[in-house]
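> Before I ask anything, here is the structure I am working with.
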């Protein structure tokens, strides 16, 4: 695929930046990756096979995984969680097939231990008193920094990486993705329950995770060099150990050469995961090759933050603020406009079939699925029902 070309309205590096390059700190040196390749990470909950409650056995599970699976699995902050990570792929379907194989392999390995795996933004019955922090060095730092805040109920996200050739294009993409975060969240909502109660939110994960520092929507940065200086000052002063302790909804991963979108709840089925990965990849292509969102929205911090809240609360029933039209717009209308504009880009990326499932997700989100299960069988039945869908095969 062609590398991204400058687009009207996109942020460009300052004039003369190429003639007088700054000396980057090592963490900020950009690793060039093939444009628009995608990889994904899924944070998975571990359940007791008897009662469907969270079980703090992440370290035990990771030790027992065979190398072919263990190389794609890692610990997370909470012991009831592990992360599965695909390899990078040219297509969204390739990444999702990789994720499906990882899910199926994990389910097989867990079956002999009477442990189940499931995927959603939160566990419906989890309570902070049952939370244990993983013992790895990274998570000791998290606990020492966050204190008891780190023992909040576990949350589970879907993270999508998109390859970008250079840092200048990456900061443009991060800036432009800011405007899409509310819609991506609205589509992915999959955590309506907290401590056994319906919160009235479609994504309870969002406000729970918001208690951590360095989360939410990052500000727009005029250039990569200004981004690097802003973050490096915090690192030089010892605020946190490295850039991976930025937990923004979208962030740069210089060492991987990717822009990582992190706003979305973890998805119950790999089919839903595929649809969201395809949408993120298509949005990246649309924004870097053409420029879709107007500059007025890209830099409208108050609007983006308010729309993000509305998305977490109402999902695809949200009515977003449109600062250009100066009115409220249904999220489904925003999605229709986006899909229409992105159709040719999806075709170029080979993911137009996957995007067809996005419209279905808009009508029936993960949050509405959980509420239907709870209404029919009680909230205690939700997590086991999620586990039944975890290793479902991806349709061809």
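The values are calculated or read from the model by the stated rules, or taken from the named source; none is laboratory data. Everything numeric in this text was worked out from a predicted model, so none of it was measured. Positions of Cβ are generated from backbone atoms using ideal geometry, with glycine treated the same way; all protein chains shown enter the neighbour counts.
> Looking only at region 100-135, filter to residues that are touching a strand residue (DSSP E or B) at 6+ places or on another chain (Cβ under 8 Å) and surrounded by fewer than 19 Cβ atoms within 10 Å (Cβ to Cβ); which one of those is farthest from residue 313 (Cα to Cα)?
Looking only at region 100-135, we keep the residues that are touching a strand residue (DSSP E or B) at 6+ places or on another chain (Cβ under 8 Å), and these are 102-103, 106-107, 110, 114-126, 130-134.
If we keep only those that are surrounded by fewer than 19 Cβ atoms within 10 Å (Cβ to Cβ) as well, we get 107, 114, 130, 132-133.
Details: 107: 32, 114: 35, 130: 26, 132: 28, 133: 28 Å.
Result: 114.
> While we're here: Just checking, how many residues over region 53-81 are crowded, with 22+ Cβ neighbours inside 10 Å, over 23 Å from the mean Cα position of the chain (by Cα) and part of a loop (DSSP other than H, G, I, E, B)?
Total satisfying the criteria: 1.
> Considering only region 188-208, state which residues are part of a helix (DSSP H, G or I) and surrounded by fewer than 24 Cβ atoms within 10 Å (Cβ to Cβ). Show your work before the answer.
Going residue by residue through region 188-208, those that are part of a helix (DSSP H, G or I) are 188, 205-208.
Matches in region 188-208: 207, 208.
> Modelled with pLDDT of 95 or more, in a helix (DSSP H, G or I), within 19 Å of the chain's Cα centre (by Cα) and farther than 25 Å from residue 168 by Cα: which single residue out of 278, 311, 284, 354 fits that description?
Numbers: 278 fails: farther than 25 Å from residue 168 by Cα; 284 fails: farther than 25 Å from residue 168 by Cα; 354 fails: modelled with pLDDT of 95 or more.
Exactly one of 278, 311, 284, 354 is modelled with pLDDT of 95 or more, in a helix (DSSP H, G or I), within 19 Å of the chain's Cα centre (by Cα) and farther than 25 Å from residue 168 by Cα, namely 311.
> Residue 86 is checked against (1) over 25 Å from residue 143 (Cβ atoms); (2) modelled with pLDDT under 95 and fails just one. What number does that condition carry?
(2)
> Further question on the same structure: Can you find even one residue in region 359-370 that is out of contact with any strand residue (DSSP E or B) (no Cβ under 8 Å at 6 or more places or on another chain), assigned to a loop (DSSP other than H, G, I, E, B), touching a residue at least 60 places away in the same chain (Cβ under 8 Å) and under 20 Å from residue 271 (Cβ atoms)? Show your work before the answer.
Step one: list which residues in region 359-370 are out of contact with any strand residue (DSSP E or B) (no Cβ under 8 Å at 6 or more places or on another chain), which gives 359-365, 368-369.
Then keep just the ones that are assigned to a loop (DSSP other than H, G, I, E, B); that gives 364-365.
Those left that are additionally touching a residue at least 60 places away in the same chain (Cβ under 8 Å): 365.
Narrowing further to those that are under 20 Å from residue 271 (Cβ atoms): 365.
Within region 359-370, one or more residues are out of contact with any strand residue (DSSP E or B) (no Cβ under 8 Å at 6 or more places or on another chain), assigned to a loop (DSSP other than H, G, I, E, B), touching a residue at least 60 places away in the same chain (Cβ under 8 Å) and under 20 Å from residue 271 (Cβ atoms).
> Search region 318-341 for residues that are on the phi < 0 side of the Ramachandran plot and in a loop (DSSP other than H, G, I, E, B) and pair each with any residue that is buried (at least 17 other Cβ atoms within 10 Å of the Cβ) and modelled with pLDDT under 95 when their beta-carbon atoms are under 8 Å apart and the residues are at least 6 apart or on different chains.
Filtered contacts from region 318-341: 323/297; 323/300; 324/297.
> Consider only pairs whose beta carbons are under 8 Å apart and that are at least six residues apart or on different chains; among these, list those whose first residue lies in region 143-154 and is assigned to a helix (DSSP H, G or I) and whose second residue is surrounded by fewer than 13 Cβ atoms within 10 Å (Cβ to Cβ) and at pLDDT 75 or above.
If the second residue must be surrounded by fewer than 13 Cβ atoms within 10 Å (Cβ to Cβ) and at pLDDT 75 or above, the pairs left are 149/211.
> Just give me the residues in region 329-357 being loosely packed, with under 14 Cβ neighbours inside 10 Å and under 29 Å from residue 194 (Cα atoms), in sequence order.
If the condition is that a residue be loosely packed, with under 14 Cβ neighbours inside 10 Å and under 29 Å from residue 194 (Cα atoms), then 330 is the only one that fits.
> Which one of the conditions (1) closer than 16 Å to residue 60 by Cβ; (2) in a helix (DSSP H, G or I) does residue 135 fail to meet, given that it meets all the rest?
Exception for residue 135: condition (2).
> Using the structure shown, decide if residue 304 is in contact (Cβ under 8 Å) with a residue 12 or more places away in the chain, crowded, with 22+ Cβ neighbours inside 10 Å and assigned to a helix (DSSP H, G or I). Quick ask: steps written out before the conclusion?
Details: in contact (Cβ under 8 Å) with a residue 12 or more places away in the chain: yes; crowded, with 22+ Cβ neighbours inside 10 Å: yes; assigned to a helix (DSSP H, G or I): yes.
Spelling it out, residue 304 is indeed in contact (Cβ under 8 Å) with a residue 12 or more places away in the chain, crowded, with 22+ Cβ neighbours inside 10 Å and assigned to a helix (DSSP H, G or I).
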